[in-house]
Each structure stands twice: as C-alpha cells, then as structure tokens.
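Asker: Got a structure here, written out as structure tokens. Questions coming.
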Amino acid sequence: MSSPENEPEGDSTAPGEALPVVAPQLRALRRRAALTLEAAARAAGLSPAHLSRLETGQRQPSLPMLLALARIYGTTVSELLGETVADRDAIVRAVDMEPTAAGGWTYWQAGAPGRGMQALRVHVPYGSQGDIVRVHPGEEWLHVLKGRLRLTLGDTAHRLEPGDSAHFDSLTPHRIAAQDQDGVELLFVHTLLQSPTATLCLGPTPGETP
C-alpha cells in the first residue's frame, strides 16, 4: 500500500460518491488529539493545505490517508468515517465464543467486534503456517497458555514457554509456530484498524500471496 505522501492531492472519489460526514469527523478527531493542522499534516505526510481541504469537504481522503490519520489520532477508520455500531456488551461469555478455522489454526473471538483492538484465543497446530511471514499495521501482544511457541521477529527466533508473553510492532516481519506435537494455545491482542481477521491476524490463506 502506498504511503499518503505518494497520493495525488486531487479528488479520490468520483462525482456523486462524496462522504460528507468525513470532513467534520476529521476536524473533530484532530482537535480531540490536541494536534494543530500543521502538526497532523506533517505526521500524515500531507500538506497543511491538503489536510484543510479534507476537513472542509473539498477533497475526499484515500484509504492510505485514512489509515495514516487514524493511527495519528489514536482511533479507527470506522470512527473517522463517522460509522456507529450498536451498544456492545463488555462481557464475552465462553459459551458465545464459537470456534473458527482459518489456514489450519482455530481461533475464538474473545472481544467485541468493531473495536480498534481485537482479542482472540488461538490454537496453533504443530507444523501449521510456521513458514508464513506476517507483516501488517498495528501492534501485537500474545501470551502462551499451553505448549511451547517459536516466535521469529525479524532475524531473531525466540522460544516462549507457558506464561511467557511478547509485545511488538506488527510491521516487524514475524512468524509463529508450535514447537510441540500437541500444538500451542495463545491469547492474542491486535490493533488492526478494522482489517479482516483472516488476512491480518492469521496470515494468508492457501493460494494467496503473503
């Protein structure tokens, strides 16, 4: 995905596709983050004039711009777009956690959907996806519940035992593999900016390009 500074400063939506709610949201969230127009534009790789045009509705932001601004303002793309969701229960009961299989892994949603942070309980079988390198926006925290985990961050491999945790920037290339025949059980917390679980949490499915 290209960076915001490489985006053209013209309209990124065709006539009739304007998103009028974006403009007031952009300004309100920048002010909530206590950032000046100049500071926010510099951090996002935009000119102050272009960010001003986004905030006044004269231009529409592209996805790379929204991702950059969401990270700078400490929010999600959904909130930047003014999307709202129904009230969510703060409690997630074990009986409501339905298992889902993806790429050989099994995971259970341990948090409410639609949040800027995603919590999962995951079972990683032995020999599954250990050669897939993952790189995606956000941060990742994991905690080993059962079994032993081989976690590779960049060029360094780590072995984690039950009770061990890791917290890292997900833009660091990382690989995850179970070291025991019975697999490994983990708790995951990700910041994913509403990205699809299968793509960013669990890596590419067969046939996709990593």
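Asker: Look at Arg159 and say whether it is surrounded by fewer than 15 Cβ atoms within 10 Å (Cβ to Cβ), farther than 22 Å from Ala119 by Cβ and in contact with a strand residue (DSSP E or B) (Cβ under 7 Å, 6 or more places away or on another chain). Working first, answer last.
Answerer: On the way: surrounded by fewer than 15 Cβ atoms within 10 Å (Cβ to Cβ): yes; farther than 22 Å from Ala119 by Cβ: yes; in contact with a strand residue (DSSP E or B) (Cβ under 7 Å, 6 or more places away or on another chain): yes.
It is true that Arg159 is surrounded by fewer than 15 Cβ atoms within 10 Å (Cβ to Cβ), farther than 22 Å from Ala119 by Cβ and in contact with a strand residue (DSSP E or B) (Cβ under 7 Å, 6 or more places away or on another chain).
Asker: Answer with yes or no whether Gly104 is farther than 30 Å from Glu79 by Cα and in contact with a strand residue (DSSP E or B) (Cβ under 7 Å, 6 or more places away or on another chain). Break it down stepwise before answering.
Answerer: Working: farther than 30 Å from Glu79 by Cα: yes; in contact with a strand residue (DSSP E or B) (Cβ under 7 Å, 6 or more places away or on another chain): no.
So Gly104 fails the test.
Asker: I'd like to check which strands (runs of 3 or more DSSP E) are fully inside the stretch 109-177 and have at least 1 residues that are among the aromatic types (Phe, Trp, Tyr) and closer than 30 Å to Ile91 by Cα.
Answerer: 139-146, 165-169
Asker: Another question about this same structure. State all residues of the stretch 135-161 that are more than 22 Å from the chain's Cα centre (by Cα) and polar (S, T, N, Q); if no residue qualifies, say none.
Answerer: Thr156
Asker: Please return the ranges of helices (runs of 4 or more DSSP H) entirely within the stretch 1-61 where 3 or more residues are at pLDDT 80 or above, within 28 Å of Val135 (Cα to Cα) and out of contact with any Pro (no Cβ under 6 Å at 6 or more places or on another chain).
Answerer: Because the criterion is at least 3 residues that are at pLDDT 80 or above, within 28 Å of Val135 (Cα to Cα) and out of contact with any Pro (no Cβ under 6 Å at 6 or more places or on another chain), the helices (runs of 4 or more DSSP H) in the stretch 1-61 that meet it are 22-32, 37-44.
Residue-wise test of (1) farther than 21 Å from Thr191 by Cα; (2) in contact (Cβ under 8 Å) with a residue 12 or more places away in the chain; (3) under 15 Å from the mean Cα position of the chain (by Cα).
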{"site": "Ala41", "(1), (2), (3)": "yes, no, no"}
{"site": "Arg59", "(1), (2), (3)": "yes, yes, no"}
{"site": "Leu66", "(1), (2), (3)": "no, yes, yes"}
{"site": "Leu69", "(1), (2), (3)": "no, yes, yes"}
{"site": "Val92", "(1), (2), (3)": "no, yes, no"}
{"site": "Trp108", "(1), (2), (3)": "no, yes, no"}
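Asker: Could you please find all residues in the stretch 67-78 being modelled with pLDDT of 75 or more and closer than 16 Å to Arg32 by Cβ?
Answerer: Answer for the stretch 67-78, where residues must be modelled with pLDDT of 75 or more and closer than 16 Å to Arg32 by Cβ: Leu69, Ala70, Arg71, Ile72, Tyr73, Gly74, Thr75.
Asker: Filter the stretch 122-150 down to residues that are crowded, with 19+ Cβ neighbours inside 10 Å and within 14 Å of Leu187 (Cβ to Cβ) and give me whichever is modelled with the lowest pLDDT.
Answerer: Glu140
The values are calculated or read from the model by the stated rules, or taken from the named source; none is laboratory data. Keep in mind that what you see is a predicted model, and the values were worked out from it rather than measured. Every residue, glycine among them, receives a Cβ derived from its backbone with ideal geometry; neighbour counts consider all protein chains shown.
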